[in-house]
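See below for the structure under consideration.
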Amino acid sequence: MILKIITSNPGKVEEFRRALGGLGIDTEHVRLPYDEVQTSDLEEVVRKGMEEIRSRGIRDFIIDDSGLFVDSLRGFPGVWSAYAQKTIGNRGILRLLEGETDRRGRFGCCIGCDIGGETIIVMGISEGSILHEERGLGGFGFDPIFSHDGVSSFAELSPEEKDAVSHRGNAVRLLREELAKRLLV
Ligand code: IMP
């Protein structure tokens with residue numbers, strides 16, 4: 001079986017591939033733009049995205065929507081994370097938090113998987129905080145400013161270390177369990 005990983009982000013493809021290894025599933029990276037509805041809920045974005053992709057006759061795929069939710073910014077950038085990353089970037093988020101002592105935040109990741117027309121939806125969270133400066137060269141997006149333990153940024157972790165604690169790692173482990181049940185691995 002070939003599962004299409006529909007995303008424009010190569011960083012995510014690698015994370016999915018590592019996590020789904022050993023299930024007897026081949027993966028294929030597909031770049032296929034689809035509308036991301038304007039809503040404050042990651043799951044709703046994913047469900048609508050799946051509907052649109054299926055309406056084009058496509059089956060056996062995964063999509064995900066993820067975002068960084070900062071408590072003192074009332075959840076911003078949240079579902080607008082991609083836009084915030086493109087416009088104000090990590091430095092903009094750091095500027096918004098200047099002088100702020102409550103730096104708690106979390107990454108959320110919702111994955112939608114179509115397997116032969118059946119829907120699997122899983123959600124993963126990674127609790128942490130926003131650092132005071134960018135650190136590390138690995139990862140992508142907000143990785144240099146997010147820390148799960150208040151010490152290392154996600155961009156300072158090896159890919160395997162990030163998988164073990166990240167929102168996408170947590171979500172994809174749940175997806176792996178669901179797929180394993182269906183494929184009787
Ligand atoms: P989307 O899920 O592709 O819409 O991602 C939303 C935004 O969150 C993008 O700008 C990503 O760079 C950022 N993002 C999503 N996942 C991660 C992650 O694991 N690390 C850092 N940034 C992330």
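The values are calculated or read from the model by the stated rules, or taken from the named source; none is laboratory data. Given the structure is predicted, the values throughout are model-derived calculations rather than measurements. Methodologically, a virtual Cβ is constructed for each residue, glycine included, from the backbone with ideal geometry; neighbour enumeration extends over all protein chains shown. Surface areas here come from the heavy atoms of the whole protein model, side chains and all, with no ligands, DNA or RNA. Shrake-Rupley method; radii C 1.70, N 1.55, O 1.52, S 1.80 Å.
Odds and ends about this structure:
- Charge tally in the Cβ shell below 14 Å around E43, where Lys, Arg are +1 and Asp, Glu are -1, E43 excluded: -4
- The mean sequence distance of close C-alpha pairs (under 8 Å, at least 6 residues apart), as a share of the length of the chain, puts its relative contact order at 19 percent.
- Where region 41-153 is the region considered: accessible area per residue in Å², 1.4 Å probe: 47 Å²
- Sequence-distant lysines (8 or more away, or on other chains) whose Cα lies within less than 18 Å of K48: K4
- Surface accessible to a 1.4 Å probe, R106 within the full protein complex, Å²: 60 Å²
- With every protein chain in place, the chain: carbon and sulfur % of accessible area (1.4 Å): 51 percent
- Relative to the dominant Cα principal axis of the chain, helix 42-55 is inclined by about 30°.
- Qualifying GluC sites (Glu not before Pro) in region 82-126, where qualification requires a DSSP coil assignment and no more than 10 other C-beta atoms within 10 Å, comprise E98.
- Straight-line cross-link partners of K162 among the lysines, defined as a Cα under 21 Å from its Cα and at least 8 positions apart when in the same chain: K12.
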